[in-house]
Amino acid sequence: MPDKSGQTFALPKQSSLVAELFTTQEQRDEAKREQVHEIPITQIDSFPGHPFQVKLDEAMHTLADSIKAYGIQTPAVVVKKDDGRYELVSGHRRKMACYVAKLETMPCIIRELNRDEAIIAMVDANLQRETILPSEKAKSYKMKMDAMSRQGQRTDLTSRPVGEKWSVDQISEKAPDSSRQVHRYIRLNELIPQLLDMVDNCVTREKSQLQIALRPAVELSYLSQEHQQLLLEEMVAEDKTPSHEQTIKMRRYSEEGRLGEDVIHSIMQEEKPNQVIQFKMPQERLNKFFPEGTPAQKIEEAIIRGLELLRQRERNRAGEAR
């Protein structure tokens, strides 16, 4: 705009203070509030390395039916990618349910997050699930710890000096587990996949599968992968898992450089406190009564039921004889 002298000058931009003078409080609150956008499901990608399982099970069909009837009550959270697509931070089960319900769009909140911020937000959101497998906690806690480490926080897992607040303590603040438990779950990442599956079996209650509790599994995480593989072969051959005391002994022998196939076998043959009597029967004798490949747990249950029936029959005969 020219002034009286004929010179041209630019009008100053409207300041935020001036803008606030001409807007209501309701308008200012609305501007700050996160907006919900209906985004096509085909434009939403899963989070890379998402550690939480999304199963097409009965619970998923129930969620899909609920979405059909009432819609999605809590919007998903996404970040916009450089290629214009979107990446899920939270809402993977809701996205699957939308597919099942044959919906084309999904309500989402778009947030500006860098990679590490997105990882932390993803983990925190999914830790609110009712059932979480140990392997899911192990991978998600590790992902969050690494993200926090890149943000400049200490994440050592060796020792923890008194009075020093480390990232495992900070992770536990937004997790359902104590810092000690978080430390244990992160250690599970050192297990070979087959042993980690056995830890999950304790939660899913797969009776036909071998199971390892959390604390024994943590001790095994300190063994080399070679020793873990030898132990796995011993467990499958004997159809049993080591006790907590046995895993502590294996770890000690490993640290002393004395663990090997013979030592693992010897330790596994030791008597457990809750397993005083061990009974073995040749496989060819069992094959007369059970199809080949029948799990040992089912064979044991069938034998126990047969013995109970036999005992009841003997009691009945004794009563008739009186």
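The values are calculated or read from the model by the stated rules, or taken from the named source; none is laboratory data. Just so it is clear, the structure is predicted and the values come from calculations on it, not from any experiment. All Cβ positions, even for glycine, are placed from backbone atoms using ideal geometry, and neighbour counts span all protein chains on display.
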Pairs, first closer than 17 Å to E206 by Cα and surrounded by 10 or more Cβ atoms within 10 Å (Cβ to Cβ) in segment 282-300, second of a type outside the set (A, V, I, L, M) and modelled with pLDDT of 75 or more, C-beta under 8 Å, six or more apart: A296/D239; K298/F290; I299/F290
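Residues of segment 269-314 being of a type in the set (A, V, I, L, M, F, W, C) and either closer than 29 Å to K249 by Cα or at pLDDT below 75 (or both), which ones?
Here is the first cut: in segment 269-314, the residues of a type in the set (A, V, I, L, M, F, W, C) are 276-277, 279, 281, 286, 289-290, 296, 299, 302-304, 307, 309-310.
Residues satisfying the conditions are V276, I277, F279, M281, A296.
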Quick check on this structure: which one of L63, L88 is surrounded by fewer than 20 Cβ atoms within 10 Å (Cβ to Cβ) and either assigned by TED's automatic domain parsing to the domain that holds I44 or not in a helix (DSSP H, G or I) (or both)? L63
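Out of R184, R215, which single residue is surrounded by fewer than 17 Cβ atoms within 10 Å (Cβ to Cβ) and part of a helix (DSSP H, G or I)?
Details: R184 fails: surrounded by fewer than 17 Cβ atoms within 10 Å (Cβ to Cβ).
The unique qualifying residue is R215.
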Of the conditions (1) within 21 Å of E300 (Cα to Cα); (2) more than 21 Å from the chain's Cα centre (by Cα), R205 fails just one. Which one is it? (2)
Within segment 144-165, does at least one residue satisfy the condition of being modelled with pLDDT under 95, part of a helix (DSSP H, G or I), under 30 Å from S66 (Cβ atoms) and within 16 Å of the chain's Cα centre (by Cα)? yes
Taking segment 55-95 and keeping only residues that are of a type in the set (A, V, I, L, M, F, W, C), under 23 Å from the mean Cα position of the chain (by Cα) and farther than 20 Å from I119 by Cα, one is left with L56, A59, M60, L63, A64
List, please: which pairs have Cβ atoms under 7 Å, are six or more places apart or on different chains, and start with a residue in segment 180-203 that is free of Cβ contacts under 8 Å to residues at least 12 places away in the same chain and end with one that is surrounded by fewer than 19 Cβ atoms within 10 Å (Cβ to Cβ) and among the small types (G, A, S)? none
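Of these, L196, L223, which one is surrounded by 18 or more Cβ atoms within 10 Å (Cβ to Cβ), assigned to a helix (DSSP H, G or I) and not assigned by TED's automatic domain parsing to the domain that holds K144?
Working: L223 fails: assigned to a helix (DSSP H, G or I).
The match here is L196.
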For segment 101-118, give me the residue count where each residue is surrounded by fewer than 17 Cβ atoms within 10 Å (Cβ to Cβ) and assigned to a helix (DSSP H, G or I). 3
Just one of the numbered conditions (1) buried (at least 21 other Cβ atoms within 10 Å of the Cβ); (2) among the aliphatic types (A, V, I, L, M); (3) in contact with a Ser or Thr (Cβ under 7 Å, 6 or more places away or on another chain) is not true of M148; which one? (1)
Looking at segment 66-82, which of its residues are in a helix (DSSP H, G or I) and either within 12 Å of M96 (Cβ to Cβ) or of a type in the set (V, I, T) (or both)? I67
